[in-house]
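Report on one structure; see the data block that follows.
Bear in mind that the values in this text are calculations on the coordinates, not laboratory data. Keep in mind it's a predicted model, so treat the numbers as computed, not measured. Cβ sites come from the backbone with ideal geometry, for glycine too, and all protein chains shown count toward neighbours.
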Amino acid sequence: MKTTKENSRKYSWGSNCLGWHLVNTEALSVIQELMPPHTAEVKHKHLNCQQFFFVLKGKATLDVEGQVAIVKAHEGIHIRKNQVHQIKNESDSDLEFVVISQPHSHNDREPID
C-alpha cells in the first residue's frame, strides 16, 4: 500500500506545526512536516539517532552546532548523533520538509538551553 499524508498519522507540535508519520518503527522514522511562517523547533540533540532533513517546499534555517545554513527546496542536511541542532522557518511562507531518523528519534531528545 502506498503511504501518503492522507493515510498517515497526523500530529501537531510547537506553534501550529504539523507532522505526518510516513514510517514509524523503532529502527526508522520518516516524518513529513509543515512549519508555518516564523516558527521554530526547540534547540536540542539526540544521543542515539542520526537525522536527515530534506526540504520539499520553502526555505529552512538550520543551526547545527552553531553553524547556520539556509536549506532550500530539494536540498538537505545530515545531522549526526549528539549534534546540537534547530530548524526554523524565518520566511513568510510555509516550510515543508521530510525528516528521516535512524533509529527512531522519539524519547531520544535532549533540549538545550
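Full extension of the chain between residue 5 and residue 80 yields a length gain of 24.3 nm, computed as 0.36 nm times the residue separation minus the alpha carbon distance. Residues whose amide H falls under 5 Å from that of residue 75, counting only those 5 or more places apart or on a different chain, are 55, with hydrogens built in the peptide plane.
As a rough footprinting exposure proxy, the listed residues 101, 93 were ranked by other beta carbons within 10 Å of their own, and the order from fewest upward is 93, 101.
The alpha carbon convex hull volume per residue for the stretch 10-107 rounds to 85 Å³.
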